[in-house]
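What follows is calculated from the coordinates using simple rules that are stated; it is not laboratory data. Worth saying up front: this structure is predicted, and the values here are computed from it rather than measured. Quick reminder, even Gly has a Cβ in these numbers, built from the backbone with ideal geometry, and neighbours come from all protein chains shown.
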Amino acid sequence: MRLYQQILSALILIAPAYCANAAPVIFGGGRALDSGRKFIDGKPIFGSNKTVRGTVSGLICGILAAAALNVTVSYNLQLGVALSIGAVIGDLGGSFLKRRLGFKPGASLPLLDQLSFVLVALLFAYAVTTVEFIQVLIILLLTPIVHLLTNLLAYLFGFKKVPW
């Protein structure tokens, strides 16, 4: 398989996770997922930027992306659901870790911000199928670039207050 085909295949595979991670930027807001509660260390669990609406919209958009891919390219719907759930949990885990480290909601922590969602999504994918090493490698190399570019676009279009 040619490199561009491998790249396209990897991007199609991870697309539901990307959609699940991006949707809260557009559809989020409202009540904080942790309702302002603190963890045992006295710091917020996730912070004010992780909302119920954002979490639910992420899951819905990821699953809808998988359903659309299922219709167009015979995508494995179970895989898309697993990736969507994993992406949301990975993003929440990244926020949880950032709160433990003292980062404020919305503050940037390079690589954790770009990779936490995709790493956990890929772990969840293994519950459904085996992902080829080359696909994982491509996804891990391209995700920081895709993440930064989409965040910049979201910022330019007024969906985000910061470009990261």
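Data overview
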item	result
Taking the stretch 3-156 and dividing mean pair separation by its residue count, relative contact order in percent (alpha carbons under 8 Å, at least six apart)	25 percent
Lysines whose Cα lies under 20 Å from that of Lys38, excluding same-chain neighbours fewer than 8 positions away	Lys50, Lys98, Lys104
Longest segment of the chain lacking trypsin sites (Lys or Arg not before Pro) that sit in a DSSP loop with at most 14 other Cβ atoms within 10 Å	38-160
Over the chain: helical MRE at 222 nm, DSSP H runs n ≥ 4 each giving -39500 (n - 2.57), nearest 500	-23000 deg cm²/dmol
Net charge of neighbours whose Cβ lies under 15 Å from the Cβ of Ala154, counting Lys and Arg as +1 and Asp and Glu as -1	0
Charged-residue dipole, Cβ positions (Lys, Arg, Asp, Glu), the stretch 3-156 about Cα centre, Debye nearest 20	660 debye
For peptides 116-123, 135-142, sequence by mean Cβ density within 10 Å, most packed first	116-123, 135-142
Cα point-scatterer Debye curve for the chain, base-10 log of I(q)/I(0) at q = 0.08, 0.10, 0.13, 0.18 Å⁻¹	-0.23, -0.36, -0.60, -1.11
